[in-house]
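In what follows, a single structure is set out as structure tokens and then discussed.
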Amino acid sequence: MRLGFVLLAALVLAGCATPHQSCMRAAQSELRALDAQIAESEAALARGYRITQATEPRTTLNICAWPREPVLFCTQHSPGQSAKRVNVLPAAEEARLVELRRERARLVVVTADRVAACPA
């Protein structure tokens, strides 16, 4: 739900951007995503675990009233989200971080070329 609101807000604001701003945002989007992955990996390495979202079925108990019957209990099944901790292997996470940083160094050059190609 929260992600949907953020995406909707981004789309509304994107309509207000100038062509130059839209081009800059598009040119830098891949680098921003990679920076977010690096930050998440550094945080997981510092904590020793990664937080993942899992979808689990949830059942809630409600009180239902029917026109010709007494008050009854009803159940409602719905998907739910829960956060789970997953331990990280420090050596593997370090290797992933080194690879992400190497990819970032390459992507900085590509992003600079894309930004330079944006209309003024």
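Each value in this text was obtained by applying a stated rule to the coordinates, not by laboratory testing. Quick caveat: nothing in here was measured; it's all calculated off a predicted structure. Cβ placement follows ideal geometry from the backbone for every residue including glycine, while neighbour counts extend to all protein chains displayed.
Using θ = phi - 60° and the Karplus form 6.51 cos²θ - 1.76 cosθ + 1.60, what ³J(HN,Hα) does each residue of the range 89-95 get, whole Hz, x for Gly and Pro?
Each residue of the range 89-95 in turn: 8, x, 5, 5, 5, 4, 5 Hz.
Give me the extension gain from Ala116 to Ala46: residue separation times 0.36 nm, minus the current Cα-Cα distance, reported in nm with one decimal.
21.6 nm
If I stretch the segment between Ala33 and Arg104 completely, what's the gain in nm (0.36 nm per residue apart, minus their alpha carbon distance), one decimal?
24.5 nm
In a Gaussian network model over the chain where Cα atoms closer than 10 Å are linked, find which of Pro90, Pro70, Pro79 has the largest mean-square fluctuation.
Looking only at Pro90, Pro70, Pro79, the largest GNM fluctuation is found for Pro70.
For the pair Thr59 and Leu97, how long in nm is the line joining their label points, each one 7 Å along Cα→Cβ?
Going from the Thr59 label point to the Leu97 one covers 4.4 nm.
Among residues other than Gly48 whose Cβ falls under 11 Å from its Cβ, what is the net charge (Lys/Arg +1, Asp/Glu -1)?
+2
Taking other Cβ within 10 Å of each residue's Cβ, how do Glu103, Glu56 sort, fewest first?
Fewest-to-most ranking of Glu103, Glu56: Glu56, Glu103.
Any idea how far the Cα center of the range 70-120 sits from the one of the range 31-59, in Å?
Value for the Cα centre distance between the two parts: 6 Å.
Check Tyr49: other-chain or 5+ apart residues with amide H under 5 Å from its amide H, H built from backbone geometry?
When sequence neighbours closer than 5 places are left aside, the close amide H contacts are Val88.
Computed from the coordinates I sent, P(r) over Cα pairs in 10 Å bins from 0, in percent equals one of [x] 11, 22, 24, 21, 11, 7, 4, 0; [y] 12, 34, 28, 19, 7, 1; [z] 12, 28, 37, 19, 4, 0. Tell me the label.
The listed entry that was calculated here is [x].
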